[in-house]
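Let me begin by presenting the structure, written as structure tokens, before commenting on it.
The values are calculated or read from the model by the stated rules, or taken from the named source; none is laboratory data. Predicted, not measured: the structure shown is a model, and the values here were computed from it. Ideal geometry is used to build each Cβ from the backbone, glycine not excepted, and the neighbour counts take in all protein chains shown. For the accessible areas, the whole protein counts, side chains as well, though only heavy atoms, and no ligand, DNA or RNA atoms are used. Shrake-Rupley method; radii C 1.70, N 1.55, O 1.52, S 1.80 Å.
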Amino acid sequence: MRKSGLPEPTGPYPPTDAMLAEPVPDEVQRAQEDRLRKVWKTPKGWRYWSAVNNSEVGKWYCMTALAFLLLAGVMALLIRVQLAVPENDLISADRFNQLFTMHGSAMMFLFAVPMFEAISILLLPGMLGARDMPFPRLSAFGYWCFLIGGVFVIGSIFFDVAPRAGWFMYPPLATKDPGPGSDIWLLGLSFIEVASIAAAVELIVGTLKCRPPGMRVNIMPLYAWYVLVVGGMILFAFPPLIAGDFLFELERSFNWPFFDPTRGGDPMLWQHLFWIFGHPEVYIIFLPSIAIAAMVIPTVARRPIFGYSWIVLSAVGTGFLSFGLWVHHMFTTGLPSISLGFFSAASEAVVIPTGIQIFAFLATLMVGRVKMTLPMLWISGALAIFTIGGLTGVMLALAPFDFQAHDTYFIVAHLHYTLFGGMVFPVIAGVYYFFPFIQKKKLSDRLGKWAFWLIFTGFNLTFLPMHLTGLWGMPRRVYTYPTGLGWDGLNMISTVGSFIVAAGFGVFVWDLIRPKKDQPQIERNPWDAGTLEWSHDIPEEAWGVRSIPHVTTRYPLWDQPGMVARMDAGRYYLPDAEEGKRETLITSVIDATPVQVQRVTGPAWITLAAAGFTGGAFIFPTFHMYPPAIVCGAFAVVCILYWLWTSTARPPEADAKDVGLGLTLPTFAAGPSSVGWWAMWITMLGDATAFASLVFGFFFYWTAQPDFPPDGALHALPGLVALAAAGFAAGWGLTVGARHLNRGGAVQAARLCLGLASLAVAGGATALIGAVTPLDPEAHVYPATLWALAIWIAVHVGAGVIMLLYCLAGSIFGKLTPRYDADIWNVTLYWHFVTISALVVCVILGLAPGAL
């Protein structure tokens, strides 16, 4: 028994060949299948939209991201029509600014990153032999947030109120822009960023904890490795942008001067925060596409991937180095020469791990028996186009060349060669490769080849001339240009090419959506691949896998004979659903040893309601409608609390369950053994990154501005700062004490500690706000920064108080007990992070004035 009183896993593991060879009676198989089919049944009719299965949510995600791609493509066509001839007045300057701003924003925020998450939600459980992701309702919540936020942002173009300061929203152009456009961009995309982080948490925890028994980290599919790397990059890249959005919106709404140089602010802070996000995002987009190639290439080569470990290390190295490149976009801002040299070298260095991955793929193809398929055709096109984009990237990494090419159409060409070759072509390859897994039908080879050659030819016709257009001096983001500068013919060629690309996408989309009911279902594993997702059921079943296998190789369908037949027969783990609950296995992080049976949530409307109210909390402030925003925020909290109370960490009807092959696993876990604890840890890691970005802002002003703080400035009241620090420390100690007391059986004492902790931290937050109340945040960036830090902590304390009271209520009403205490473990972990952040703020407010 564990210290908590919960049972340990018992029974034989790993299974022997004799155990796996034992047959399962036909009548037992049929009964098990009937129970599984009933439990995992997808809702019908209008209830279909309450589904949370990864298979359904992933499809919604993919199709929505595709729709946003097509809308952004239409905007690109309008831009090219405007630029086809000089001195064109088809589109006004203001509308042109809206079009290029929304085109870039939609491609980056509504297609590229969401499409990676959509594909991963759809495919990853199959690759891992899991029934579903660990938090299906979180996936559904993230999708509805993405849909609501995306429609809100992209819909603004139809009402002539779209943002128009560029997808990077540089101040002061964006901060001073009249109308709601900048607010739509800031708040709408912040809402979408929340959805992206939610999906990243789901994918990271799923990869770490939902692998099949035996699938150690060194044999899991390369796609899963890329999911881990990219998920981690999202956790560290998106929070700085969220922090920047927070400061930006405070300036837009309340006139706090974070980016106003006349009051001590600095627009350069926004560039730093934006590009700390922006350059890693290029690799967040690129690496998942490399992951698709890593799944396709071994299949067409008919052999395992060459250099598996080198590819993994290179992917990790690419992710790490990508965070040292952000100044690559700021070479022309007047930075010191030593900074230019360092970041130029880093920009060159990232080529090394990228090259290792590409050469490993080429080596696999060279030593294999390649069968040229349609997905491989698209991968080949991707490698060709991305290589050109990479070579121009090396050119731009050299500061002297960048000085000349910056803000010209050379940059536009480089960006599109990188993103089309590094993202669009591989994703389309993935669609053709995985479509039989998703829909049990194949797409047309003939239409696929037409689409490829139209897009490949049109793309090069569009963007190859832009290198020359840029070198001849044409600046980007201009809505027209005079004749006689040598740009006329090149722009016309680019415009013609863009319509050829559009024709190619038309063929591809038609192939995707055309009726296929008369088309026969494919045979199982039509590509004869070796990875686990191709063990899928034909015809399709909603349960994911019939039974969860024991995996000992990287390509189990090639190397473990009889696996699929045993999976179908229910010879492996969790072959049944006797209790009528949706379940999947949780395994250890490194060795994938079975540790728990995880109950996963089923269809529900509460995720849609929570997303709708959360959207209102973000969208209403765009129009300075703060009371409705507060009401929506309150209802969102209520929905989320109801969701958590009714479907997570509920005491099970039995402490353990026989999962098959003689193995018995616990049905409840708390602390580091539980997926909820891992989700909280990963979420708070991202939150700490956002907080660190705000602290970076404070010290950036200190080093960059001579009047930070200005002479005679008021400071935070030291007595209240000390009181706040004491309150936070006391609240943290009481929370930790409550967890230990509860586990030890002292329930009443634990409840008292939870109540006192709520009062202590609430008092600390009140004191912290009181400490900065005498300061005028509109007068100078110094008081504004102190106010921003205090507000950040106060909001987190408010959320933490709700969590403490939730645990108190759980203890009173029997949801939280000494035996089943996952909630208080997770809340304690939250308070570890928040307390550290709060004490850092107290140190800054209390000690920085003397140090500065």
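Got a number for residues in segment 648-677 being in a helix (DSSP H, G or I) and farther than 22 Å from residue 208 by Cα?
Qualifying residue count, segment 648-677: 0.
Looking at (1) part of a loop (DSSP other than H, G, I, E, B); (2) closer than 30 Å to residue 380 by Cβ; (3) open to solvent by 10 Å² or more (accessible area, probe 1.4 Å), find the lone condition where residue 220 falls short.
(3)
Could you tell me whether residue 784 is in contact (Cβ under 8 Å) with a residue 12 or more places away in the chain, small (Gly, Ala, Ser) and open to solvent by less than 30 Å² (accessible area, probe 1.4 Å)?
Yes.
Criterion first (touching a residue at least 40 places away in the same chain (Cβ under 8 Å), open to solvent by less than 10 Å² (accessible area, probe 1.4 Å), over 12 Å from the mean Cα position of the chain (by Cα) and closer than 20 Å to residue 693 by Cα) does residue 240 satisfy it?
yes
Which numbered condition trips up residue 196, out of (1) over 26 Å from residue 307 (Cα atoms); (2) part of a helix (DSSP H, G or I); (3) open to solvent by 10 Å² or more (accessible area, probe 1.4 Å)?
Only one criterion is unmet by residue 196, namely (3).
Among the residues of segment 369-414, how many are open to solvent by 20 Å² or more (accessible area, probe 1.4 Å) and either farther than 30 Å from residue 487 by Cα or in contact with a strand residue (DSSP E or B) (Cβ under 7 Å, 6 or more places away or on another chain) (or both)?
The number of residues fulfilling the criteria is 8.
Looking only at residues that are surrounded by fewer than 18 Cβ atoms within 10 Å (Cβ to Cβ) and among the small types (Gly, Ala, Ser) in segment 302-323, which one is nearest to residue 274 (Cα to Cα)?
309
Consider residue 744 against the criteria (1) open to solvent by 50 Å² or more (accessible area, probe 1.4 Å); (2) closer than 29 Å to residue 825 by Cβ; (3) free of Cβ contacts under 8 Å to residues at least 12 places away in the same chain: it satisfies all of them except one. Which criterion is unmet?
(3)
List the residue pairs whose Cβ atoms are under 6 Å apart, where the first residue sits in segment 130-159 and is under 12 Å from residue 184 (Cβ atoms), the second is not in a helix (DSSP H, G or I), and the two are 6 or more positions apart or on different chains.
Pairs that qualify, where the first residue is under 12 Å from residue 184 (Cβ atoms) and the partner is not in a helix (DSSP H, G or I), are 156/162.
How about segment 83-102: which of its residues are assigned to a helix (DSSP H, G or I) and either of a type in the set (Val, Ile, Thr) or within 16 Å of residue 160 (Cβ to Cβ) (or both)?
Residues satisfying the conditions are 93, 94, 95, 96, 97, 98, 99, 100, 101, 102.
Can you find a residue in segment 353-364 that is under 30 Å from residue 453 (Cβ atoms), of a type outside the set (Gly, Ala, Ser), modelled with pLDDT of 90 or more and not in a helix (DSSP H, G or I)?
Among the residues of segment 353-364, not one is under 30 Å from residue 453 (Cβ atoms), of a type outside the set (Gly, Ala, Ser), modelled with pLDDT of 90 or more and not in a helix (DSSP H, G or I), which makes the answer no.
Quick check: is even one residue across segment 676-687 touching a Gly at 6+ places or on another chain (Cβ under 7 Å) and in contact (Cβ under 8 Å) with a residue 24 or more places away in the chain?
Yes, segment 676-687 contains a residue that is touching a Gly at 6+ places or on another chain (Cβ under 7 Å) and in contact (Cβ under 8 Å) with a residue 24 or more places away in the chain.
Could you list, ordered by first residue, the pairs with Cβ atoms under 7 Å in which the first is in segment 339-364 and in contact (Cβ under 8 Å) with a residue 40 or more places away in the chain and the second is open to solvent by 30 Å² or more (accessible area, probe 1.4 Å) and not in a helix (DSSP H, G or I), at least 6 apart or interchain?
Every condition considered, the pairs that remain are 344/398; 360/306; 363/306; 364/303; 364/306.
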